[in-house]
Amino acid sequence: MQYVLRKMLTGIPLILGVTLVSFALMVYFGPDMTYQLLGKNPTAEQIIEVRHQLGYDQSFIQRYLAYLTELIRLDFGNSSSGEPVRSLLAKTIPVSLILILPGFLLGHILGVLLALAAAFWRGRWADKLIMAIAVIGMSVSFLIVIIAFQILLCSSDGLNLFPVRGWNVQSLPDYLSYIAVPTLATTFVALGYETRFYRSVFVEEMTRDYVRTARAFGLSSRRIFFRSIFKNCLIPIITRVMFSIPQVAIGGSLLIESYFGIPGIGKATYEAIITGDQPVLKAVVSLTAILFVFVMTLNDILYRAVDPRVSLK
Amino acid sequence: MNAEPLVQVRGLSKYFPIHGGLFRRVVAGLKAVDDVSFVIHAGRTLGLVGESGCGKSTLGRMLLRLQEPTAGQVLFAGEDLTRLDRRQMLAYRQRIQAVFQDPYGSLSPRRTVGQTVREPLDVHRVGTPGDRQQRVDELLAFVGLSAQAAHRYPHEFSGGQRQRIGIARALALNPQFLVADEPVSALDVSVQSQVLNLIVRLQRERGIALLFISHDLAVVQHVSDDIGVMYLGRLVEIAPAGQILTAPRHPYTEALISAVPQIGRRMHSRIVLGGEVPSARTPPSGCAFHPRCPRVMAVCRSVRPVLKKNGDEGSGSVACHLYP
Amino acid sequence: MNAADAPAPLLRVKDLTVEFRTMDGIVRAVDAVSFDIWPNETVGLVGESGCGKTVTGLSLLRLIPSPPGQIINGSIELEGLDLLSLDAGDMEKRRGSEIAMIFQEPMTSLNPVFTIGSQITEVLRRHRQLSQRQARELAASLLAKVSIPDAGRRLDDYPHQLSGGMRQRVMIAMALSCNPKLLVADEPTTALDVTTQAQVLDQMRELQNEFRMAVLLVTHDLGVVAETCQRALVMYCGSIVEAGKTEQLFSSPRHPYTAGLLASIPRIRAERIAELPVIPGRVPDPGNLPAGCRFAGRCSHVQSRCHQERPTLRSVNGNAVACHYPLGADI
Amino acid sequence: MNEFSSVAGARAVNRRNSIWRKVLRKFLADRTGVAGLAAVLVYFVAALGVWCGWWGTDWADLGGSKWEAVSAAHWFGTNIIGQDIFSRAIYATSTAFEVGVVVAVLATIIGGVLGAFAGFFAGSWIDELLLWAMNVLDAIPFYLFVAAVAYSLAGSPYAMHVAMITSFWIGTGRLVRGEVIKLRNMEYIEAAYAIGLSRFMIIFRHILPNTSHILLVQASIAFVSAIKAEVILSFLGIGIRDGMSWGLMIEESTKEVLAGFYNNFIAASLLMFGLVMAFNALSDALQDAMDPRKVA
């Protein structure tokens, strides 16, 4: 418990850093909203007044502190379209989650399984085949995969099985038909990276001395591989899965969402950056930072649960 | 031996902090080296033996100022090295050099042997570049390598040859004092004797004072005039080599000598200590050796013995209650 | 007890040859090595690094990493059964139960994320029909046998919580767990301090007698061999150059290499000597071995025949020597 | 002199010099790697031709009519407004190299130096600060970060490059930091101290050269990542501004694809896939050849 507390405390500078960078980029140097609010031909007084309202006449520090206070109070106000930020988040985040989660899980699970197979039959044809496919998967751009899958599966030139784009989910079949192509695309692209990474983890672990010991005492190679080696490999696996969560939860869905026109958090954030919708940005950035700290803490705890060498003290 | 010793170590200590608590405050100190004193005269060799974790390497690193001592002094030719700043220390670096343990790790793999041996000369701007080149050739010849070796990389050499290169580098600046930390323990037996002979030769021909650190008593005795024995950060006995090996006084020294496997002796004659070396984090009370000592007395559990000069039984000192 | 009394050798190795494929070509790490081990005896296999002693030890259990290594010739008969003729599964069953091996680095040789209890019971249950509970009790008694204090509780410790000496004791307990007939111990005490080394060697000797197993002690330390082994085999460049009873071998070595090695070891002496005797030169490159005797280039007694013809092991006054001109031979 | 010189001299004949020779020898034995290198060189020549003005100059010309099929005049056909797709694809190759090289070189230099400093001073405030910076930048999702940089550097054609470099140095930095933490405990670093070398000299003379295997591999990874990221960023409208790139071609093609015209999409996809694949093979082979555990 003390450990968790300390870990959380070390997260504070990180949150400050993330907010500082994002404040500087997205707010301070971000798009100037004055003219968008006033329309064409404003008077000089109007300009001054709006700039004052938006806080543009204050110093960097003052504005950053104001930004921080809002963050701490979790008071994000309304987005520039007038909708409360909270309800915007409540609407978009679940969409992103259910959109991304299947691909994310499939990518890692299949990645681990394929990597296990490749490492187990290391140097044989199964390994070579899997790794060749992985390199191909790694070499294709995500965007190309999305477009190709769309052509193949959604268009009249292809199989025409799923909706081309959009998000109109009322039932489970709807859901499955809308996520099918995005999930296939994410899984396909993730597989290349995940398989290669996990295979190298497994193979590295296979060369350890304790594996030789286990063999010297007659344990079967299957048992050594799936019990002894696998438990040691859990550490890097957990770290990798954990640290991809923040990327996936906020940013990873951006391309999919904007390509397929799905109203998720990635698309909302992207639009907020373009239009300088500050309340939304604040909310997303603070959520990201908190999520990151949370994931880091969770990662450390899991790490310590798996690896007895690191004590919780 | 009335002249002032070249090296005088006085009360040298190194405590490593142990962190704990919510804010990782320092809660205790690990006494890696605890109040060690000795002297080395010009041209003489002190051998330092002890098992892993006894602090002998930390001690050597403090003499080289690769690590800052927590307390104590290192006097070199009368000057306290621990008080010098980086620039002042640079002048002394020429006079104190080091030979390291790992023949594979002590040479930079991406630099040629010539560059490595020359580097000290470059840093201290000794002579013209031509002089330096000539010096490199001389040094390589002294340690038994050809001049062509200068153009090759460390991975082309065997462990013994690499150790010779390390010695050549240490000799480049004509030091008066050399700290050698386990210089032969990573070498094979037949090569080990070659390198040991080289060390003896440089000591004899160049009059270099030497601190020779090793876990191997037999190796240490071959090069040393005096031998110091360390246990858990403290010096427990120090005496002339012949005396300490034939008539050890501290029970730990005795056990250590007896534990060295010898050709021409069967197992049963040796003293086998019980238990293991305790952790330096939680050293035993009183004499640190008392839980394993075959001759432990009541006083050993509570009072820590200090290093005292032997009276009539020869020169040297011992820290043991058996010798009041 | 005496090796000569036993009717047949426990292990008979004949012409064992092992090669490794490397970037610089094929390297023959072990070249036609033959030796016997009798029940309950301790045999030392000594030599400097790269002489092939560890590869020989690993070959006995067929643990050579392959690729790049391969046993290309020879036989390894354990009680008359050639281990090299077994299929992989059959060999697996015999490892640990009939022939076991312990290694130099006790830190990395145990799996860091399992308790030592679970590692020992895993071995026990692999070779014997035991319940989890029985295996655990047996494991505890084994730990107690190797003098680990408070053995029952120690079962739940992880390797990193033990000291180097304790970890090596755990390895020994694992090795004893299924009563193998032969234990191959590869530098078991090299990573340990001298006082711990003395403890572990003592322990091994006692347990060996109790469990009646034979030990092949692979080591570079002639002192350890002298103190613990009845017989010794000296390896140089992949071959055995001399073999014999330890005392005789060390008191009157016949091979110039053995003699040179013995002389060059620093020993505790009453008086310092000016210079240690040395073997000049260095071990030849394993990819580029000389044609005749491999020691010829460093030998102080070398003659022209040595450069052309490779000597084979032959008996000279009780020792087996691979040398054309053995020292002190009455020829 | 004595026996050592002669033995070492004899060995030197068949083993001449430097670790790099050994790496090269190993690399050349790797057929996939060599094939990758050859393919990369072909692409490089294509890009070189564009820089020298030998070909690809007419990429913006309206030389044909809408959606012409493959012909001798237009090897890959024409796009929606009649521009030659082959010229555009070749021109885009040079853009890919520009982006890849700039990002890879700068990200690797920054990552190498900062990582080396962090590792060398591990445990001190310098390391804490650099680690903090790495974590902060890692915590911000990549595409959001690029978008934010792009808009804050409004109009700059290099916004994308800046954003990529700022993100990509971190991976290299972390790896180098880890390696340097290992290296700084090596005895040759201690030896350098004992000689009297300053810490800066130690970092630049003894530490960074010994991370070169990591730097080279990381640079090749950054190159590939930059090319791939460019495609997505250009598609999102925050990538290449002037000129032509595979990303812009794909962006253009999304409208064409729905109408059943695939030339633009296929040309850009295949060319890009080829280069990335070749580079991946190259980088894998480099990694194998330079793995210090296998080399030393």
>> If I filter region D:248-277 down to residues being more than 21 Å from D:Thr57 (Cβ to Cβ), among the small types (Gly, Ala, Ser) and buried (at least 23 other Cβ atoms within 10 Å of the Cβ), which single residue comes out as nearest to the chain's Cα centre (by Cα)?
In response: D:Ser269
> Residues of region D:174-198 being open to solvent by 10 Å² or more (accessible area, probe 1.4 Å) and farther than 19 Å from B:Gln94 by Cβ, which ones?
Replying inline: D:Arg174, D:Leu175, D:Arg177, D:Gly178, D:Glu179, D:Ile181, D:Lys182, D:Leu183, D:Arg184, D:Asn185, D:Met186, D:Glu187
> Are any residues in region A:127-180 out of contact with any helix residue (DSSP H, G or I) (no Cβ under 9 Å at 6 or more places or on another chain), farther than 21 Å from A:Leu191 by Cβ and within 11 Å of chain D (Cβ to nearest Cβ), and if so, which ones?
Replying inline: A:Ser156
> Among the residues of region A:190-208, which ones are without any contact (Cβ under 8 Å) to a residue 60 or more places away in the chain and in a helix (DSSP H, G or I)?
Replying inline: A:Gly192, A:Ser200, A:Glu204, A:Glu205
> How many residues are under 22 Å from B:Gly105 (Cβ atoms) and touching a strand residue (DSSP E or B) at 6+ places or on another chain (Cβ under 7 Å) if we restrict to region B:200-219?
Replying inline: 6
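Identify the residue in region A:259-313 that is under 14 Å from A:Ser79 (Cα atoms) and among the acidic types (Asp, Glu) and, among all such residues, is surrounded by the fewest Cβ atoms within 10 Å (Cβ to Cβ).
Restricting attention to region A:259-313, the residues satisfying the condition of being under 14 Å from A:Ser79 (Cα atoms) are A:265, A:268-284.
Narrowing further to those that are among the acidic types (Asp, Glu): A:271, A:277.
Numbers: A:Glu271: 15, A:Asp277: 23.
Looking at the filtered set, the residue picked out is A:Glu271.
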>> I'd like the residue in region B:77-117 that is open to solvent by less than 30 Å² (accessible area, probe 1.4 Å) and away from every other protein chain (no Cβ under 11 Å) and, out of all such residues, is nearest to D:Tyr188 (Cα to Cα).
In response: B:Gly114
> What number of residues within region A:56-90 are under 17 Å from A:Thr288 (Cα atoms) and among the charged types (D, E, K, R)?
Replying inline: 4
>> I want to confirm something. Restricting to region B:12-36 and keeping residues that are open to solvent by less than 40 Å² (accessible area, probe 1.4 Å) and at pLDDT 85 or above, which single residue is nearest to B:Phe76 (Cα to Cα)?
In response: B:Leu12
>> Anything in region B:37-76 that is open to solvent by less than 40 Å² (accessible area, probe 1.4 Å), part of a strand (DSSP E or B) and over 29 Å from C:Thr196 (Cβ atoms)? List them, or say none.
In response: B:Ile40, B:Gly72, B:Val74, B:Leu75, B:Phe76
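In this structure, is B:Glu254 more than 8 Å from chain C (Cβ to nearest Cβ) and in contact with a helix residue (DSSP H, G or I) (Cβ under 8 Å, 6 or more places away or on another chain)?
Numbers: more than 8 Å from chain C (Cβ to nearest Cβ): yes; in contact with a helix residue (DSSP H, G or I) (Cβ under 8 Å, 6 or more places away or on another chain): no.
Criteria not met by B:Glu254.
Hey, which of the strands (runs of 3 or more DSSP E) in region B:140-245, taking only ones fully inside, have at least 2 residues that are more than 15 Å from the chain's Cα centre (by Cα)?
Numbers: elements: B:177-181, B:209-214, B:226-231, B:234-240.
It comes to B:234-240.
What do you reckon, is C:Ala296 crowded, with 20+ Cβ neighbours inside 10 Å and modelled with pLDDT of 85 or more? Give the steps one after another, and end with the answer.
Details: crowded, with 20+ Cβ neighbours inside 10 Å: yes; modelled with pLDDT of 85 or more: yes.
Spelling it out, C:Ala296 is indeed crowded, with 20+ Cβ neighbours inside 10 Å and modelled with pLDDT of 85 or more.
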>> Please verify whether B:Gly60 is out of contact with any Ser or Thr (no Cβ under 7 Å at 6 or more places or on another chain) and in contact (Cβ under 8 Å) with a residue 12 or more places away in the chain, treating the condition exactly as stated.
In response: yes
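Going by the structure shown, is A:Leu113 open to solvent by 40 Å² or more (accessible area, probe 1.4 Å), of a type in the set (A, V, I, L, M), more than 22 Å from D:Ile227 (Cα to Cα) and at pLDDT below 90?
Criteria not met by A:Leu113.
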> Here are some residues: C:Ala135, C:Ala226. Which one is under 30 Å from A:Val306 (Cβ atoms) and touching a Ser or Thr at 6+ places or on another chain (Cβ under 8 Å)?
Replying inline: C:Ala135
> For region D:23-43, how many residues meet the condition of being of a type outside the set (Val, Ile, Thr) and open to solvent by less than 80 Å² (accessible area, probe 1.4 Å)?
Replying inline: 10
> Has region B:165-182 got any residue that is open to solvent by 10 Å² or more (accessible area, probe 1.4 Å), farther than 21 Å from B:Leu66 by Cα and touching a residue at least 12 places away in the same chain (Cβ under 8 Å)?
Replying inline: no
>> For region D:151-169, check the following and say yes or no: at least one residue is within 8 Å of chain A (Cβ to nearest Cβ), surrounded by 18 or more Cβ atoms within 10 Å (Cβ to Cβ), in contact with a helix residue (DSSP H, G or I) (Cβ under 9 Å, 6 or more places away or on another chain) and farther than 30 Å from B:His124 by Cβ.
In response: yes
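Based on this model, can you work out whether C:Thr121 counts as away from every other protein chain (no Cβ under 11 Å), out of contact with any strand residue (DSSP E or B) (no Cβ under 6 Å at 6 or more places or on another chain) and either at pLDDT 90 or above or buried (at least 18 other Cβ atoms within 10 Å of the Cβ) (or both)? Steps first, answer last, please.
Details: away from every other protein chain (no Cβ under 11 Å): yes; out of contact with any strand residue (DSSP E or B) (no Cβ under 6 Å at 6 or more places or on another chain): yes; either at pLDDT 90 or above or buried (at least 18 other Cβ atoms within 10 Å of the Cβ) (or both): yes.
Answer is yes for this residue.
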>> Anything in region C:69-96 that is open to solvent by less than 30 Å² (accessible area, probe 1.4 Å) and more than 17 Å from C:Leu216 (Cβ to Cβ)? List them, or say none.
In response: C:Gly69, C:Leu86, C:Met91
> Across region C:97-116, what is the total count of residues that are part of a loop (DSSP other than H, G, I, E, B), within 16 Å of the chain's Cα centre (by Cα) and within 7 Å of chain A (Cβ to nearest Cβ)?
Replying inline: 2
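Rundown of residues vs (1) in a loop (DSSP other than H, G, I, E, B); (2) touching a residue at least 40 places away in the same chain (Cβ under 8 Å), yes/no style:
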| position | (1), (2) |
| --- | --- |
| C:Ile240 | no, yes |
| C:Arg254 | yes, yes |
| C:Gly260 | no, yes |
| C:Pro266 | yes, no |
| C:Glu275 | yes, no |
| C:Cys306 | no, no |
> In region A:166-182, which residues are in contact with a Gly (Cβ under 7 Å, 6 or more places away or on another chain) and either part of a helix (DSSP H, G or I) or among the hydroxyl-bearing types (Ser, Thr, Tyr) (or both)?
Replying inline: A:Pro182
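The values are calculated or read from the model by the stated rules, or taken from the named source; none is laboratory data. Please read these numbers as outputs of a predicted model, since none were measured by experiment. Positions of Cβ are generated from backbone atoms using ideal geometry, with glycine treated the same way; all protein chains shown enter the neighbour counts. Quick note on the areas: whole protein, heavy atoms, side chains included, nothing else; ligands and nucleic acids left out. Shrake-Rupley method; radii C 1.70, N 1.55, O 1.52, S 1.80 Å.
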